[in-house]
1. Based only on Cα atoms, what mean projected area does the convex hull of region 324-363 have, in nm²?
2. Just grab the label-to-label distance for residue 200 and residue 608, each label 7 Å out from Cα along the Cβ direction, in nm (one decimal).
3. Give the calculated FRET efficiency between residue 243 and residue 616 to the nearest 0.05, with a Förster radius of 25 Å applied to their Cβ-Cβ distance.
4. If you consider only alpha-carbon coordinates, what radius of gyration and Dmax does region 264-378 have, in Å?
5. Given C-alpha coordinates of region 315-389, what is the ratio Rg to Rh with the Kirkwood estimate of Rh?
6. When the gyration tensor of region 347-401 is built from Cα positions, what are the square roots of 5 times its three eigenvalues, in whole Å, from largest to smallest?
7. Which value, in debye to the nearest 20, describes the size of the charge dipole of region 514-647 about its Cα centre when Lys and Arg Cβ atoms bear +1, Asp and Glu Cβ atoms bear -1, and nothing else is charged?
8. Taking a temperature of 10 °C and a viscosity of 1.306 mPa s, what whole-number D in µm²/s does Stokes-Einstein yield for the chain with Rh from Kirkwood over alpha carbon pairs?
Amino acid sequence: MHFPQALLHLFLTLTGSRAFTVPARVTQNAPACNAAAIRSALKAITWDSDHAESLKPEYWADLAQTNLDWFKDFSVTTSGSFETGDVKWFEDGQLNACYNALDRHVLNGKGDKVAIIYEADEAGDVTKYTYSQTLARVSQIANMMKSEGVKKGDVVTVYMPMTPDVILTMLACARIGAVHSVVFAGFSEDAIADRIAAAESKFVFTTNVGLRGGRSIPLKKTVDNAIEKDRAKKFVEKVFLFKRTEEEVNFVEGRDIWADDLLAKQSTTCEAEVMNAEDPLFILYTSGSTGSPKGILHTTGGFSLYAMHTTKTSFDLQEDDIYACVADAGWITGHTYICYGPLLNGATTTVFESTPLYPDEGRYWDMVERLKINVFYTAPTAIRSLMRFGDESPKKYDLSSLRVLGSVGEPINPAAWDWYHNVIGGGRATVVDTYWQTETGGHVACNLPGIHDPKAGSCRGGTYGIDIGILDPQTGQEKVGNDVDGVLVIKKPWPGMARTVLGDHERFMTTYLQPYPGNYFAGDGARRDEDGYIWVTGRVDDVINSSGHRIGTAEVESALVADSSVAQAAVVGFPHDIKGEGIACYVTLNNGLEMTDDMKKSLKMAVRSSIGPFATPDLIINAPALPMTRSGKIMRRILRKIAGGENEFGDTSTLADPSCVPVLVENARS
Ligand code: WT7
């Protein structure tokens, strides 16, 4: 389609928009054929040139200058490359992420605006915190940390439930230049100990217990057990302990600190530390195909700008919006899209402590109605699990406030997309499918609301600043044009990308930058369809995506072989109606042992306690022998098919012993 140039010019003149300003509100609830609809049509037409502009460093320099407050301006926008693995943004600039998320808004007269809406575990138990209140408490936490010896550059481990304090603790770290390492509160004591040890973290934040779905979760006890392990014990000096309930817990004199008591004595002002743009803001551990989890490191300037910009543009965020991302702060989604992105924009963000099924399957929709949520962000697995209950529950609630419905974690299947759009969004709200990763810091591909027509199941293509390529996995040659498939790469550095893996830059290089030189390799396969839309086809490495959680098969395998009954284990993902992928474990037991139901239960428990409940295997399959090639490589392709209930396994002639296949098929069904 061609839009008359004169009209376009008139529009740009009238609105004063330059190619690289953030679009004004483009989604709305009213029917089409009005100013907003015309504006969105124009935006769609100008998208290609907007996008081309956004690939230039000047785009980000301009945004950084206009959207963030700097203590010292930067003179170099970006340097380094994928080849050399030393990408930097705004490197000689100085700023503070917490100052930008809080102080700036208070100083701009927004102190009384609600920053955080806390929807506690019991429905309707709501507390609101203004920007001024949030800043005061963050400053107190920051002062408390300083008084207990936390210094700039120290890694602070945060193992907390979804109360505002988890967000405030992250911001307090940012304020004093400490590096937070949030560990999802569903991780086991072993996983916490590993992360404390890997980051040599001297300080831990936790609460006596967490509350979720009416249940009390013994977080402090898990932290105590983690710190009892030698690898963690040798680092941890102080444990800051918040009170979620009055429940009594073990208290270690000299090490543990009742945070609520101590911080009440602190001043409500605390100067924000001057940070260099490339100073670390946080690390977050994530699973890969091999080895132990990687401490993905994000930096202050680039991450902040990217979090802010993608929150604004992907969700068409407006000044008066009530915004709710119902992820957990323990994952990157919580970092970027509950904490930093919304607050850097001066928006109102929601901290949701409960589960989608408590007290019943209407919890989200009840909350949307009560809080009048405009932007709602969740994962396909949650949508699928709620869809199963039918349309009655959402229909009981007034969901007309919803304007944008975000989706994250895996491709959203068309049935879930339709339900989200029509039953939840009343056919009005735009579904935005956001593709990204812990390592990308923020969204890298999505359909932008009001700009791109969505297609159910496709994340469309690169957002501002992101140049996506599809490469032939074997030759590394780019596949240009439409109707192609291969591996997904990003061709140019962007501000929000991770800079390294903590303590192992070599691993950063070999995992992301060396597989396809000159590109960032995401680890996903993708197809570009005949209209140029990208469809992510899933991980091309041995990583399972179960309920939106990223689980390394190697980690599950090592949890299993650590059990004295196990001789060998191979773990694969298989299609699962609700979770996207389920976890199937093929286990060869030691001689003389039998795969009873009790044995299966105890193996599931072994994985649970080694990683966490979210990694509990769906299937334990007795495997007297595994399908190996003659060179001793396990043929996972066959294992995936067996677990998925398929009967065709392709060519099995390269197997050392094909007779193991029917045995596994039989065992998978029993
Ligand atoms: C992996 C990243 C990003 C926050 C949540 C998970 C998959 C994520 C989508 C999407 C298709 C997606 C990819 C990616 N993924 N979002 N919209 N469509 N796939 O973060 O734990 O770092 O996992 O999740 O496979 O590589 P993560």
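The values are calculated or read from the model by the stated rules, or taken from the named source; none is laboratory data. Just so it is clear, the model here is predicted, and its values are computed rather than measured. Glycine also receives a Cβ, built like all others from the backbone with ideal geometry; neighbour counts cover every protein chain displayed. Accessible surface is based on the protein model in full, side chains and every heavy atom, while ligands, DNA and RNA are left aside. Shrake-Rupley method; radii C 1.70, N 1.55, O 1.52, S 1.80 Å.
1. Its Cα hull, projected and averaged over all orientations, spans 2.8 nm².
2. Spacing of the two 7 Å Cα→Cβ label points: 3.7 nm.
3. After rounding to 0.05, the efficiency reads 0.25.
4. 16.7, 47
5. Ratio of gyration radius to Kirkwood radius: 0.96.
6. With the √(5λ) rule applied to region 347-401, the semi-axes are 18, 13, 11 Å.
7. 260
8. Roughly 61 µm²/s, to the nearest whole number.
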